[in-house]
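Notes for the one structure printed next.
Please treat every number below as a calculation from the coordinates, not as lab data. Predicted model only: the values in this text are computed from it and were never measured. Quick reminder, even Gly has a Cβ in these numbers, built from the backbone with ideal geometry, and neighbours come from all protein chains shown.
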Amino acid sequence: MGDDEGSPPAKEPPRVDLDYYLGSGDGPCIIITPVKLRGSVNYDEWAKAVRRSMISKFKFGFVDGSVTEPSTDSNKMKHWYVVNSMVVSWITNKIDETLRSSIEDYDIAFELWCHLRKRFCVVTGTRVCHIKMALSSCKQATTEAVTEYFGRMSKIWKEYVQYARVPRCTCAGCTCNIAKQVGEIREEDRLHYFLIGLDDHYEAIRAQLLAQTLLPSVDEAYQTVVNT
């Protein structure tokens, strides 16, 4: 008989909720990005840098409001306030000193993020329209390599995705899976922009790709075109 007979089963290690996890180096004074917010002049650059940093730390949920304040679990509520305060400190550290006095009353990361976006992000219907027009007119020049054209188009597309409105789920528990649907629609739109903008030299391969019952991803279409 084995030595372990009759011994209690080994306990599984406690699961770590990465949303609430703070490492030994995650203090309130750490620098999450070298970019400092100076106002509307560099809000887009700053917001992208902060977003990437928060995602890498599993803390963007506090910024976009998806990790909400617990209403019943008092122990978890204490942890929520600790992490939220840490995130607020990280964001505040990367805001120019001349702007900090106007945001001192914002103690919730999501509210601070929304305030900064409304205040400094210059987004109008005209701007979104101009981006769409830029996408539609983005064409591959006769002497331009596919890689260069794809890079130009991708840059415009990233700007469009940043500012275009996205429908939000309104059903309890999210049974509609709207995020997946929006992602699929955008991926198809991006594919269409890429293929339509190709030089007429690629007309045959463009028609072949669009005729497929299951459309390829943009990356798959790109690989097919450059290897043709």
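Which is the longest part of the chain that has none of the GluC sites (Glu not before Pro) sitting in a DSSP loop with at most 10 other Cβ atoms within 10 Å? For GluC sites (Glu not before Pro) (loop position, at most 10 other Cβ atoms within 10 Å), the longest site-free span of the chain is 105-228.
Entry note, the chain: relative contact order of 16 percent, from Cα contacts under 8 Å with a spacing of 6+ residues. Taking only the Cα atoms of the chain, the radius of gyration and Dmax are 23.6, 78 Å.
Listed from fewest to most Cβ neighbours within 10 Å, the set L210, L215 follows the order L210, L215. Close amide H contacts of D199 (hydrogens built in the peptide plane, cut-off under 5 Å, sequence separation of 5 or more or a different chain): Q140. Between the Cα long axis of helix 109-120 and the first principal axis of the chain there is an angle of about 40°, rounded to the nearest 10.
Within segment 43-120, the ratio Rg/Rh, alpha carbon atoms throughout and Rh by Kirkwood, equals 0.97.
Using only side-chain charges placed at the Cβ, +1 for Lys and Arg and -1 for Asp and Glu, the dipole size of the chain relative to its Cα centre rounds to 940 debye.
Residues whose amide H comes within less than 5 Å of that of L37, counting only those at least five positions distant or on another chain, are I95, D96 (H built at 1.01 Å from N in the peptide plane).
Legend: residue pairs K36/K78; K59/K155; K94/K158; K78/K158; K139/K180, Cα-Cα distance threshold 32 Å; pairs beyond threshold, K78/K158.
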